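> Have a look at this one before I ask anything.
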Amino acid sequence: MVRMSAEERRESVVRAATAEFARGGYHGTSTEAIAKRVGVSQPYLFRLFPGKKAIFLAVAERCVEDTIRTFEQAAEGLHGEEALHAMANAYTKVIAEQPERLMMQMQMYVAVGAAEAEGDREFGESVRAGWMRLWDTVHLPLGADVDETTTFMAYGMLINCLVAMGFPPDHRVWGGVYSSARLPDGPTEERGRRACGGVGPRSCER
């Protein structure tokens with residue numbers, strides 16, 4: 001059997017920890033559970049990462065970077081509304097097919113809020129830095145327009161919440177969401193376009 005390198009072990013820890021943190025959150029997940037999922041001892045786990053916080057932050061960074069990559073690949077060579085719909089469609093597809101990525105995002109926000117309340121700024125500094133990289137990734141394809149970027153990110157957070165809460169794709173709360181950002185088997189195009197052309201609130205201003 002080929003022995004894994006330390007880097008390969010770290011990668012396996014990040015994957016395992018993503019599943020555990022997505023389900024149990026930062027405080028509800030033990031390093032023992034992560035080590036067990038990876039198939040290593042806790043002492044070995046701590047040779048790879050200094051503690052649970054370091055593991056969580058590594059997973060949070062991976063979560064953000066994966067989302068950035070999703071947007072970059074979707075928007076390559078596109079601009080404006082074409083880029084918007086391509087990114088929206090790609091993102092919704094990812095979180096529908098890989099729910100752990102969505103739940104890990106939600107756990108990141110909870111962990112930051114709890115840490116800030118306890119006076120721990122490290123969680124927030126790391127996650128905020130990643131989130132700003134995410135913002136910049138969508139900002140340029142959308143014409144470096146602050147309003148368009150804000151609207152896109154706001155709709156993304158709405159979609160996160162709707163999916164996380166389990167609203168079915170044909171529920172009326174999806175009616176005003178980007179037509180390209182709805183879950184598969186969601187509302188019909190005509191139904192979704194009733195309010196704002198299926199793009200978002202700015203389309204109502206045109």
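Read-outs: derived from the displayed coordinates by stated rules, not from any lab. Given the structure is predicted, the values throughout are model-derived calculations rather than measurements. A quick note on method: Cβ atoms are made from the backbone with ideal geometry, for glycine too, and the neighbour counts reach across all protein chains shown.
> For a test of the definition: using alpha carbon positions, the gyration tensor, and the 1.5 limit on a/c, classify region 5-79 as rounded, prolate or oblate.
prolate
> Apply the Karplus curve 6.51 cos²θ - 1.76 cosθ + 1.60, θ = phi - 60°, to the phi angles in region 11-17 and return the couplings in whole Hz, x for Gly and Pro.
5, 5, 5, 4, 5, 5, 5
> In the chain, if the dipole is taken from +1 on Lys/Arg beta carbons and -1 on Asp/Glu beta carbons about the Cα centre, which of 44, 155, 79 is farthest to the positive end?
44
> Tell me whether the chain comes out rounded, prolate or oblate; compute the Cα gyration tensor, take square roots of the eigenvalues as a ≥ b ≥ c, and use a/c under 1.5 as the rounded threshold.
prolate
> Which lysines have a Cα lying under 17 Å from the Cα of residue 93, excluding residues fewer than 8 positions away in the same chain?
none
> Only helical DSSP H runs with n ≥ 4 go in: add -39500 (n - 2.57) per run for the chain, normalise by residue count and round the 222 nm mean residue ellipticity to 500 deg cm²/dmol.
Counting only the DSSP helices, I get -21500 deg cm²/dmol.
> Can I ask one more? Compute the acute angle (0 to 90°) between the alpha-carbon long axis of helix 122-139 and the principal axis of greatest extent of the alpha-carbon atoms of the chain; round to the nearest 10°.
Approximately 40 degrees, to the nearest ten.
> Considering only 56, 123, 46, give the residue with the highest GNM mean-square fluctuation for the chain, with springs between Cα atoms whenever their separation is below 10 Å.
Among 56, 123, 46, the largest GNM mean-square fluctuation belongs to 46.
> Going by alpha carbons, how many degrees (0 to 90, nearest 10) lie between the helix axis of 52-75 and the longest principal axis of the chain?
For helix 52-75, the angle is close to 30 degrees.
> At R0 = 35 Å, how high is the FRET efficiency between residue 132 and residue 36 if r is their beta carbon distance? Nearest 0.05 is fine.
0.50
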